[in-house]
1. Can you sort Thr125, Thr64 by how many other beta carbons sit within 10 Å, fewest first?
2. Could you tell me which residue out of Gly13, Leu115, Ile68 lies farthest along the dipole of the chain toward its positive end? Charges go on the beta carbon: Lys and Arg +1, Asp and Glu -1, centred on the Cα centre.
3. If you count, for each residue, the other Cβ atoms within 10 Å and average over each peptide, how do 299-310, 265-276, 89-100 line up from highest to lowest?
4. Rounded, prolate or oblate: which fits region 239-310, taking a ≥ b ≥ c as square roots of the Cα gyration tensor eigenvalues, rounded meaning a/c under 1.5, else prolate when a/b beats b/c?
5. How much mean residue ellipticity at 222 nm does the chain get from its helices, if each DSSP H run of length 4 or more adds -39500 (n - 2.57) and you divide by all residues, to the nearest 500 deg cm²/dmol?
6. When N counts the residues of the chain, how does its alpha-carbon radius of gyration compare numerically with 2.2 N^0.38 Å, as a ratio?
7. Given +1 on the Cβ of Lys and Arg, -1 on the Cβ of Asp and Glu, and no further charges, what dipole in debye does the chain carry about its Cα centre, rounded to the nearest 20?
8. What list do you get for Trp118, Trp229 if you sort them by fewest beta carbons within 10 Å?
Amino acid sequence: MTTNHTTDKPLAGRIALVAGATRGAGRAIAVQLGAAGATVYATGRTTRDHVSEVGRPTETIEGTAELITAAGGEGVAVPTDHLVPDRVRELVDRVDRERSRLDILVNSLWGGDHLIPWGRKMWETDLDQGLRMLELGVRSHVITSSFALPLLVRRPGGLVVEMTDGTAEYNRRFRENFYFDLAKNAPLRMAFALGEDLKEVGGTAVALTPGFLRSEEMLDHFGVTEENWRDACAREPHFAVAESPVYVGRAVAALAADPDRHRWNGRSLSSGQLAEEYGFTDADGSRPDGWRYFVEVVHGGKRASADDYR
C-alpha cells in the first residue's frame with residue numbers, strides 16, 4: 001500500500017526551533033513537531049551536565065531531543081541561555097550553517113514559576129525577583145526573535161508562536177501579581193506586533209496558551225502522576241479541566257501544517273480553540289477547553305461542570 005507522505009509527515013523537510021524545550025509545553029511542542037516530520041532544534045538551560053535555576057535535573061534538552069527523534073523527527077539539542085545574545089546568535093548561526101533555513105520559531109521560554117510571590121502587591125515584591133520574571137518571560141523572547149527572524153523570513157510562510165499563559169480575553173483580568181501579569185501579557189502584544197512586521201514577507205505570528213496544564217511540575221505540585229491526575233481534583237476542583245502538554249503540542253503541529261495559517265496572524269489562540277478548528281484531541285482522546293471554562297463558569301457564573309468542557 002502506498003503511504004501518503006504528506007498526511008503522515010506534513011512537516012517533513014521543515015526546520016523548527018523550540019526555545020525553551022526542556023519540559024512542559026515546550027517539550028511537548030518539540031516532540032509533536034517531530035512526530036509530524038520536522039527537524040527540531042531544542043534549546044534550554046538544563047542539560048545532563050548542568051541544571052538551571054528551576055532545579056529539575058531529570059528534564060533535559062538531551063532528553064527532549066531523544067523524544068523528538070523517537071517520535072519520527074530529528075531532534076537536535078543545543079544548550080542555550082536565551083538571555084545571552086551571543087549564545088543565541090551562535091545558535092541561529094548553527095541552524096543556518098546546518099540547514100540554511102528556519103520555518104518555525106516557538107518562543108516557549110519562561111522558567112519563572114518559582115519566582116512568583118502570589119498574594120503580594122507590586123511594592124511588596126522583591127524588585128530583583130520581579131525583574132528576573134520579566135527577563136525570563138519577555139527579554140528572552142525579544143532576544144531570540146531578534147536573531148532568529150532574519151533566517152525565518154528568507155522564505156515566505158514562516159511561523160512564529162509566542163507561548164504565554166492566558167488568552168487575550170482572559171488576561172483582561174489581573175493575573176494576581178504585577179510582574180507575572182506583565183510577563184504573560186507581553187507575548188500577546190509581541191505576537192500582534194510581529195504579525196504586523198511579518199505581513200509583508202508572508203509570515204505569521206500568533207500567541208498561544210495551553211489551558212490548565214498538567215506539566216511535570218504541576219503534577220509534582222499536586223503529588224500525582226499522569227496516570228492518576230484526577231486524584232488532585234479533590235484538592236483543586238478546577239483541575240478537572242486540565243490538559244496534558246501533548247494537547248498544546250498537537251495544536252502547534254496542526255497550526256504549522258495548515259497552509260492557510262495566515263488567517264490567524266497576530267491573534268491570541270488557545271489549545272482548546274485550535275482543537276475545535278483542527279479536530280485533534282488530547283492524549284486521552286478528550287478535547288478540553290480550559291479557558292472557555294474559566295471565562296464562562298469560574299468567572300461568569302454559568303452552572304456547568306468541568307466535564308462539560310472536555
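Only the coordinates and a few stated rules stand behind these numbers; no lab work does. As the structure is a computational prediction, the values presented were derived from the model and not from experiment. Positions of Cβ are generated from backbone atoms using ideal geometry, with glycine treated the same way; all protein chains shown enter the neighbour counts.
1. Thr125, Thr64
2. Of the candidates, Gly13 comes out farthest on the positive side.
3. Per-residue Cβ counts within 10 Å, averaged per peptide and sorted highest first, yield 265-276, 89-100, 299-310.
4. Numbers: a/c = 2.78, a/b = 1.59, b/c = 1.75.
Note, shape of region 239-310 comes out oblate.
5. Values: 11 runs with 117 residues, N = 310.
Helices in the chain give a 222 nm mean residue ellipticity of -11500 deg cm²/dmol.
6. So the chain has a normalised radius of gyration of 0.95.
7. In total the dipole reaches around 660 debye.
8. With the fewest neighbours first, Trp118, Trp229 line up as Trp118, Trp229.
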